[in-house]
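Chemist: Next up is a structure, given as structure tokens.
The values are calculated or read from the model by the stated rules, or taken from the named source; none is laboratory data. Everything numeric in this text was worked out from a predicted model, so none of it was measured. Glycine also receives a Cβ, built like all others from the backbone with ideal geometry; neighbour counts cover every protein chain displayed.
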Amino acid sequence: MADNVNAQITDAVTQTNVKVVAEAPAQSMAMVYQTMAHSISLAMENAMQAQGGLQQIGNAVTSSGVRMIFDAANGGMSEKSS
């Protein structure tokens, strides 16, 4: 039965298979690079969010410290106490 197959058809199928096999390493490396870039961008986003959260905590601590200083300067008498 293999003797009855047209040589052009056999060549076309063989060339298609060779093309797919030859492109596979490049495509797999492209997927690896895209995945790595995405992972790094998520890590950077998480770091940015953490930094923003710490900035908010720092602002709250600073305002509380200034409030304590003002209360101490007023002899411990704040507006809430009166």
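Chemist: Any residue at all in segment 4-14 that is exposed (fewer than 10 other Cβ atoms within 10 Å of the Cβ), without any contact (Cβ under 8 Å) to a residue 12 or more places away in the chain and of a type in the set (Gly, Ala, Ser)? Steps first, answer last, please.
Modeler: Keep residues of segment 4-14 that are exposed (fewer than 10 other Cβ atoms within 10 Å of the Cβ), which gives 4, 6-9.
Now narrow it down to the ones that are without any contact (Cβ under 8 Å) to a residue 12 or more places away in the chain: 4, 6-9.
Of the ones still in play, those that are also of a type in the set (Gly, Ala, Ser) are 7.
Yes, that holds for at least one residue.
Chemist: Further question on the same structure: Taking Ala37, is it of a type in the set (A, V, I, L, M, F, W, C) and at pLDDT 95 or above?
Modeler: Details: of a type in the set (A, V, I, L, M, F, W, C): yes; at pLDDT 95 or above: yes.
Yes; evaluated as a whole, the condition is true for this residue.
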